[in-house]
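This is the structure, below, for whatever I ask next.
The values are calculated or read from the model by the stated rules, or taken from the named source; none is laboratory data. Keep in mind it's a predicted model, so treat the numbers as computed, not measured. Ideal geometry is used to build each Cβ from the backbone, glycine not excepted, and the neighbour counts take in all protein chains shown.
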Amino acid sequence: MIPGDKIDDSGRYKAGPGTYFIGRDIFASRLGLLAERNGTLGVIPLSGVYNPRPGDLVIGIVTEVGPSNWMTDINAPYPAPMHSSETPWKIEFGETAEYLRPKDAILCKILFVDENKKVQVTMKEPNLRKLQGGQVIEISPAKVARVIGKNGSMSALIKKYTDCWMFVGQNGRIWVNGDLPMIQATIDTIRLIEAEAHKSGLTERVEAFLKERAGAPKVPTTPRMEAEVQ
Amino acid sequence: MELINKKGVRMDGRKPDQMRDVRIEAGVLHRADGSAYLEWGGNKVLAAVYGPREAIPRHSQDATKAVVKCRYNMAAFSVDDRKRPGPDRRSQEISKVISEAFENVILTEEFPRAQIDVNIEILEAEAGTRCAGLTAAAVALADAGIPMTGLISACAAGKAGGHVILDLGKAEDNYGEADLPVAINHQTGEVVLLQMDGDLSQKEFDQALEYAIRGCKEVHELQKAALMKRYASHNGGGEA
């Protein structure tokens, strides 16, 4: 679909994301692929920036430290502040820099987005934490869904072969940790998925690539999650 | 100089209502969010789109919608005599009218407080660069995944040697009587840019406008084809 293409004029569908309507007619507003779901027509974008939505799990990077809050870059058009009360720690006023400093990566959740797109993030939930060790890479936010796969099938596949810790943020940032050669294999696999995101038979190709790069599926080691939590 | 002969053939051998060859390629720059390269006769244009991103300086932000910041620039080597680099009156005007044309089609309300940068670089100029730039920028915007009501395409018409003609060439632009660049939003048919340099009678204007809109439609097909080609391999191509 190309912006301005008429998708439907029957009036039987609802206009979903990536579309707009005039009367009964639904038109595409973005470049992408047409998808129909429960009577709603939408366009799955092929490109574009991350648009924050409440509840999204994202990887933020601290850019500024204030006396009672941090500014984070969540790869969106908007900066996202995080207040010191939105962390798992008990922080005295002015002691924020002892917990997070600029360039630190954090796993956080979008707390809310208002109509002016003022965004706030939170770390006050289980598993949300400062990311230590490993690597953070960036992909196009439009391709995140393919890296995760249906019900997490694609990321599960990667984890099965590489035995890496991987977290895919909705904002297109991916954190990977594990053995160094396996981190590289994981990153190469993600790059492959990004490049071929809209071709069919992706899962088979990814599996073949993983077999070549990472060898046989690994026996999962004990969860490293505990060690990572600060 | 005879811009158009008695048989109605123009200096470069075109008919009055015939356009120059146009070639468009989308997604040519990897650092940009969206980009396009366009050749229109002797014009060579590169367009790059960045954003939406946080609008800087802060006072340029609009709390209700995104601002479109277009920068049209001609390279020093784009014309016969060296052009003094940097913005001048002409390029500032073109940047402004192109920004305003795009503000009409981009769904700016989806990105309050953000800015969308559109950079248009004219590498080689041969009449009709604002239309060429606008056409290339529209493809770059679509490539960047920016929501729009429709694609903009542009084409000029005018009058040279006493005839109304489509898509003026260099000599026709310099020595002709009038130039009428037009840009339309394809989905609605709205005119988003219309300028006129020179004089046309009402009848001539009507015909020139009709020519220009027909030209826009031709260009639109090429824009669509360029975007389709960019993602052809993504639509299951190669292994169907």
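Residues that are surrounded by fewer than 19 Cβ atoms within 10 Å (Cβ to Cβ) and more than 14 Å from chain B (Cβ to nearest Cβ): which strands (runs of 3 or more DSSP E) entirely in the stretch A:1-45 hold 2 or more of them?
A:32-37
How about the stretch A:3-46: which of its residues are among the small types (Gly, Ala, Ser) and within 27 Å of B:Asp33 (Cβ to Cβ)?
Within the stretch A:3-46, A:Gly4, A:Ala15, A:Gly16, A:Gly18, A:Ala28, A:Ser29, A:Gly32, A:Ala35, A:Gly42 meet the criteria.
Condition first: in contact (Cβ under 8 Å) with a residue 24 or more places away in the chain and part of a loop (DSSP other than H, G, I, E, B). Now tell me which residues in the stretch B:15-28 satisfy that.
B:Pro16, B:Asp17, B:Gln18, B:Met19, B:Arg20, B:Gly27
Of all residues in the stretch A:46-65, how many are touching a Leu at 6+ places or on another chain (Cβ under 8 Å) and surrounded by fewer than 20 Cβ atoms within 10 Å (Cβ to Cβ)?
Counting residues in the stretch A:46-65 that are touching a Leu at 6+ places or on another chain (Cβ under 8 Å) and surrounded by fewer than 20 Cβ atoms within 10 Å (Cβ to Cβ) gives 3.
For the stretch A:90-115, how many residues are within 14 Å of another protein chain (Cβ to nearest Cβ) and in contact (Cβ under 8 Å) with a residue 60 or more places away in the chain?
Final tally of qualifying residues: 1.
Listed here are the residues, each with its yes/no results for (1) in a strand (DSSP E or B); (2) within 14 Å of another protein chain (Cβ to nearest Cβ); (3) more than 25 Å from B:Glu190 (Cα to Cα).
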site	(1), (2), (3)
B:Ala48	yes, yes, no
B:Arg53	yes, yes, yes
B:His59	no, no, yes
B:Arg71	yes, no, no
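Can you report the number of residues in the stretch A:46-89 which are within 13 Å of another protein chain (Cβ to nearest Cβ), closer than 30 Å to A:Lys199 by Cα and among the aliphatic types (A, V, I, L, M)?
Residues meeting the conditions: 4.
If B:Gly145 meets every condition in (1) assigned to a strand (DSSP E or B); (2) within 17 Å of B:Ala36 (Cβ to Cβ); (3) not aromatic (Phe, Trp, Tyr) apart from one, which number is that one?
(1)
Still on this model: Within the bounds of the stretch B:213-220, is there any residue that is within 11 Å of chain A (Cβ to nearest Cβ), outside any strand (DSSP E or B) and at pLDDT 95 or above?
So far as the stretch B:213-220 goes, yes, one or more of its residues are within 11 Å of chain A (Cβ to nearest Cβ), outside any strand (DSSP E or B) and at pLDDT 95 or above.
How many residues, within the stretch B:200-212, are farther than 18 Å from B:Arg20 by Cα and touching a residue at least 24 places away in the same chain (Cβ under 8 Å)?
4
Right, another one. Within the stretch A:116-223, considering only strands (runs of 3 or more DSSP E) that don't extend past its boundaries, which have at least 1 residues that are free of Cβ contacts under 8 Å to residues at least 40 places away in the same chain?
On the way: elements: A:119-122, A:135-138, A:165-168, A:173-177.
The qualifying strands (runs of 3 or more DSSP E) are A:165-168.
Continuing with this model, one more query. Within the bounds of the stretch A:95-108, is there any residue that is part of a helix (DSSP H, G or I), farther than 20 Å from A:Trp175 by Cβ and not aliphatic (A, V, I, L, M)?
As a first pass, look at the stretch A:95-108 and keep what is part of a helix (DSSP H, G or I): A:96-98.
Next, from what is left, pick out any that are farther than 20 Å from A:Trp175 by Cβ: A:96-98.
Then keep just the ones that are not aliphatic (A, V, I, L, M); that gives A:96, A:98.
Among the residues of the stretch A:95-108, at least one is part of a helix (DSSP H, G or I), farther than 20 Å from A:Trp175 by Cβ and not aliphatic (A, V, I, L, M), which makes the answer yes.
Might you check whether a residue that is modelled with pLDDT of 95 or more, more than 14 Å from chain A (Cβ to nearest Cβ) and in contact with a Phe, Trp or Tyr (Cβ under 9 Å, 6 or more places away or on another chain) occurs anywhere in the stretch B:139-153?
no
Residues in the stretch B:89-105: is at least one facing chain A (nearest Cβ under 10 Å), without any contact (Cβ under 8 Å) to a residue 60 or more places away in the chain, closer than 23 Å to B:Gly189 by Cα and of a type outside the set (A, V, I, L, M)?
Scanning the stretch B:89-105 turns up no residue that is facing chain A (nearest Cβ under 10 Å), without any contact (Cβ under 8 Å) to a residue 60 or more places away in the chain, closer than 23 Å to B:Gly189 by Cα and of a type outside the set (A, V, I, L, M).
A follow-up question, please. For the stretch B:160-177, what are the residues that are charged (D, E, K, R) and under 16 Å from the mean Cα position of the chain (by Cα)?
B:Asp167
Now a separate question. Check B:Asp12, B:Asp80 and return the single one that is assigned to a loop (DSSP other than H, G, I, E, B) and surrounded by 12 or more Cβ atoms within 10 Å (Cβ to Cβ).
When all the criteria are applied, what remains is B:Asp12.
Out of the strands (runs of 3 or more DSSP E) lying entirely within the stretch B:162-210, which hold 1 or more residues that are over 30 Å from A:Gly4 (Cα atoms)?
In the stretch B:162-210, the matching strands (runs of 3 or more DSSP E) lie at B:163-166, B:178-185.
Name the single residue, out of those in the stretch B:108-140 being farther than 30 Å from B:Asp80 by Cα and assigned to a helix (DSSP H, G or I), that is nearest to the chain's Cα centre (by Cα). First the steps, then the outcome.
Just the residues of the stretch B:108-140 that are farther than 30 Å from B:Asp80 by Cα, to begin with: B:108-116.
Add one more test, that the residue is assigned to a helix (DSSP H, G or I), and what stays is B:108-110.
Numbers: B:Thr108: 20, B:Glu109: 24, B:Glu110: 24 Å.
Only one residue tops the list, namely B:Thr108.
Need the failing condition index for B:Leu107 against (1) surrounded by fewer than 19 Cβ atoms within 10 Å (Cβ to Cβ); (2) closer than 27 Å to B:Asp199 by Cα; (3) touching a Pro at 6+ places or on another chain (Cβ under 7 Å), just the number.
Failing condition for B:Leu107: (2).
Still on this structure: Among the residues of the stretch B:146-182, what is the count of those that are small (Gly, Ala, Ser) and surrounded by fewer than 24 Cβ atoms within 10 Å (Cβ to Cβ)?
6
Determine which single condition A:Gly178 fails, assuming it passes every other condition in (1) over 16 Å from the mean Cα position of the chain (by Cα); (2) more than 19 Å from A:Leu107 (Cα to Cα).
(2)
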